[in-house]
Amino acid sequence: MATKKKAAKKPARAKPLAKKAARRKPIAKQAAAKRPAKRAAPRGNAAATRRGSVPRLFRINIEVGNIDDAARFYGELLGLDGRRQAGSRVYFDAGGVTLQVVDVSAMGMGVPHPAAKALYFLVDDLDAVFARAKTLGCLSQEIVHGARGGEITVRPWGERSFYAEDKWLNPLCFVEAGTVYPG
């Protein structure tokens, strides 16, 4: 019986290493090409940026002692219609943040606690808001950087603004758009 001879394989032709290396992307570039592009990090808190997201304020709470009075007051002052919510609350759209007005007395939570000093609102027509605040009798009597807070003033940092306060002592500041000091 005849045996078949295995055909001998021809040795693979060696390619010069320089040509192979030129065709290959360096490993670091290959890995980078597979990763999604990074977004530019926002300015601000470096620790928050390292965690991957920056917290965004979406709602602020103001405590009041009478929801009907507060809804009328804030509706007139802001020139907006509030949205009644369950739990003696009224929501006002304040740009990207909801102003939540809460009647704590109706919820059995005691007397209203004033908000931090102060809540700042950016407005296009400062004079119109000032006129409404004056009609409501809620202009601040405080002195702010040597000027009455309840008067429209250009502050030392360049903002044109005035201060007001509701009858539950929540301090409010209204700043004209285009004059905001970003810090």
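Observations, loosely collected:
- Region 134-169: chymotrypsin sites (Phe, Trp or Tyr not before Pro) in DSSP loop, at most 15 other beta carbons within 10 Å: W157
- The mean sequence separation of alpha-carbon pairs under 8 Å and at least six residues apart, normalised by the residue count of region 114-183, gives a relative contact order of 39 percent.
- For region 114-183, the alpha carbon positions stretch 29, 23, 20 Å along the principal axes, listed from largest to smallest.
- Short-range pairs are left out: with C-alpha atoms under 8 Å and at least six residues apart, the relative contact order of region 41-153 is 22 percent.
- log₁₀ of I(q)/I(0) at q = 0.21, 0.27, 0.29 Å⁻¹ - region 57-113, Debye sum with one point per alpha carbon: -0.72, -1.10, -1.21
- Loop-located trypsin sites (Lys or Arg not before Pro) in region 127-183, at most 15 other Cβ atoms within 10 Å (DSSP): K167
- In terms of surrounding Cβ atoms within a 10 Å radius of their Cβ, F58, F130 rank from fewest to most as F58, F130.
Read-outs throughout are calculated quantities, based only on the coordinates presented, and are distinct from any laboratory measurement. Since the model is a prediction, treat every value here as computed from it, not as a measurement. A quick note on method: Cβ atoms are made from the backbone with ideal geometry, for glycine too, and the neighbour counts reach across all protein chains shown.
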